[in-house]
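Q: Got a structure for you, written out below as structure tokens; questions coming shortly.
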Amino acid sequence: MAVSEEGKAPDPSKDAGGPAGPGGGRGRGGGGGGGKGPKKQRSRKVRYARRVLFGLLAFIGFCVAAFGVAYLFTPVPSPQEQAIAQGPTFYYADGKTQIAKTGVNRDAVKLDQIPKGVRDGVIAAENRSFYQDPGVSVSGTARAFWSTATGEQLQGGSTITQQMVRNYYGGIGKERSVTRKLKEIMVSLKVGREKSKDWILEQYLNTIYFGRDAYGVQAAAKAYYGKDVKELTPAQGAYLAAAIQQPSNFADPSGAHRPYAEQRWRAVVGNMVRDGSVSQAEANAMKFPAPVKEKITNILKGQRGYMVNVAKKELTERRGYSEDEINRSGLKITTTFDKRLMDAARQSVTQNVPAGMSKKIRTAMVSVDPATGQVLAFYGGRNYLNEALSSAFGDWAQAGSGFKPIALAAALDAGKSLTSSYDGSSPQYFRGTPIKNDSGENFGQVNLVTATQHSINTAYVNLGQDIGTEKIAEMAEKMGIPADRMKPEQRSAPTFPLGVVSLHPVEQAGVYATFASEGKFRKPFVVKSVTDNKDHTRSFTEKAAQAFSSQNARDATYAMQQVVRAARAAPRSSPTGATSRARRGRPTRAPRSGSTGSSRRWRRRCLCSAATAGR
């Protein structure tokens, strides 16, 4: 540093105005330039940061303004419960002949008639912060917007207020869209400010769907426990609260549904303990409140209930409808069922069932159109009011020899021909286990036509060992048999081609429809179209998948036709004569369980117009 005579540093302001020496000017210029360089770099970053900040603030301001405008201009619709709560109407395939029209079961009550334990259970299960939140959940709303914008199924996260708005007010809509969700949020916020929480809770409890066709907690109390809501215990209230999210699983908590129902109920009780509604000691003393047997309306008697039930099941499991949407949206549901054929199926079964047959034995029949996959007719059971589970769609039994055509198709697909031969002698031992033919009948080397015509067990086991049972399993999957239905131990068993796998009759009909459609598989379905209350119609079809070649389908069909031809030519007293009576719909004895691995007789037909399976 330079120092003046007085020992002070020179004044920079004076120095700056003076003439610059050759070296000094460049020195200050370089030094000044070096000083100004970093300043310019910092100012550029600051400018960018300011722009980003201003842009962010502008975006937030725009969103707030847009939200405010949307809030101000979104009216609260008038209550239109009756318009929303129109039951569905089911039609036969002609779209005109009605099968049944189901209504909505609702009986509104005041909030003070609903026990506190029931109210607390619902809040604990559905919306813990109900009495504190503004009517919407920020995290739940963000999740719902994201899932809707990305095309996924609309997620949960709705508050009690949002669910009430969706059910109580008209004009909100049911479609899965961002616009509909935004409208729901705006109305929920307004209702949350204008109405008391008790009023909102009362409307919610009187409109929410609990299953068993029950809308509202009073109807649910009667449907599940045969009593008024005021008589419900906290344990029963917790069960009804648990049913709200998945009413189908709680309508009949038996069989496979029971463990889940108990687990979910216990979780709701745990939430009630968490919220202080009940003590831990009270919760420990609670027993699972199993509901009473469901009562079914008479309009579903006979085959009607089966038709309605399988149509509803398909709409929820395969077409994206919720049970609540079906029950209250006034839908017109056109099924694939031909009334004339439905009546013929019922008559055919009832006239050919042996007199005095045990009620424990259930009969089924399904007819599928090979060209479309539509289920044209079926027999679901004696009476839906007494036997709610459809024998055609819900029951299953080992396929037995009905599985052999799948093995035949797999062999042809693997390069075998109808002239390929296998040892049909009986008995034969596989892995130390004896396999016998029906009635112990003994054959030598037989081709695939003869093996199929006489349903020779040992020949088909040898076929499976030749091509590999896994190829048969792969073919079964192509023809509509779920992969998880065929256990690893079944797939690897030598008896796999003999039908040790259990199938629903509708699945068996789908297998035979694949042969009739020249190797094209279409998953059987029962709903042709759905029309909403705005006359918008959704039609349904099933795409065909080529399971095997058309030539292989013709060859397999030829082999199967020999079964019927041989039976028609055989005397009535012969084993094949008995088969002929089965083909004609007359009763025949069930095969011994050791012969094909099946304890029940399947009867099958592969017709030019429809593929039919019966049991």
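Throughout, read-outs are computed from the coordinates displayed, never taken from laboratory work. Because the structure is a prediction, the values reported are computed rather than measured. Note: ideal-geometry Cβ built from the backbone for every residue, glycine included; neighbour counts use all protein chains shown.
Q: Cα to Cα, under 17 Å, and not fewer than 8 places away if on the same chain: which lysines meet these conditions relative to Lys471?
A: Straight-line reach from Lys471, under 17 Å: Lys404, Lys416, Lys487.
Q: Sticking with this structure for a sec: Within 10 Å, count the other beta carbons around each residue, average over each peptide in 114-122, 423-431, 276-284, and list them highest first.
A: Details: 114-122: 20.8, 423-431: 15.6, 276-284: 13.8.
Highest to lowest by the protection proxy: 114-122, 423-431, 276-284.
Q: Now for a separate question. If you take the Cα atoms of the stretch 330-376, find Rg, then find the Kirkwood Rh from the mean of 1/r over all pairs, what is Rg/Rh?
A: Radius of gyration relative to Kirkwood radius: 1.10.
Q: Taking a temperature of 25 °C and a viscosity of 0.890 mPa s, what whole-number D in µm²/s does Stokes-Einstein yield for the stretch 406-552 with Rh from Kirkwood over alpha carbon pairs?
A: Result for D is 146 µm²/s.
Q: For the stretch 194-327, report the % of Cα-Cα distances exceeding 18 Å.
A: 61 percent
Q: Return P(r) of the stretch 346-445 (all Cα-Cα pairs; 5 Å bins starting at 0; whole %; ordered from short to long distances).
A: With 5 Å bins starting at 0, P(r) equals 2, 9, 12, 15, 16, 11, 12, 14, 8, 2, 0.
Q: Which aspartates and glutamates have a Cα lying under 12 Å from the Cα of Lys183, excluding residues fewer than 8 positions away in the same chain?
A: Excluding near neighbours in sequence, the set is Glu175.
Q: I would also like to ask the following. Sort 298-304, 255-261 for me by packing, meaning the mean count of neighbouring Cβ atoms within 10 Å per residue, highest on top.
A: Peptide ranking by packing, descending: 298-304, 255-261.
Q: State the percent of C-alpha pairs, over all pairs in the stretch 212-267, separated by a distance greater than 18 angstrom.
A: Details: 405 of 1540 pairs.
Percent of Cα pairs beyond 18 Å in the stretch 212-267: 26.
Q: Shifting gears a bit: Ordered by residue, what ³J(HN,Hα) values in Hz, to whole numbers, does the stretch 185-201 give under the Karplus form 6.51 cos²θ - 1.76 cosθ + 1.60, where θ = phi - 60° and Gly and Pro are x?
A: 5, 4, 5, 4, 5, 5, 5, x, 8, 8, 10, 6, 4, 5, 5, 4, 5
Q: Using the structure shown, list the pairs from Lys110/Lys313; Lys101/Lys227; Lys301/Lys528; Lys293/Lys360; Lys197/Lys222; Lys230/Lys332 with a Cα-Cα distance above 28 Å, or answer none.
A: Pairs exceeding 28 Å: Lys110/Lys313; Lys230/Lys332.
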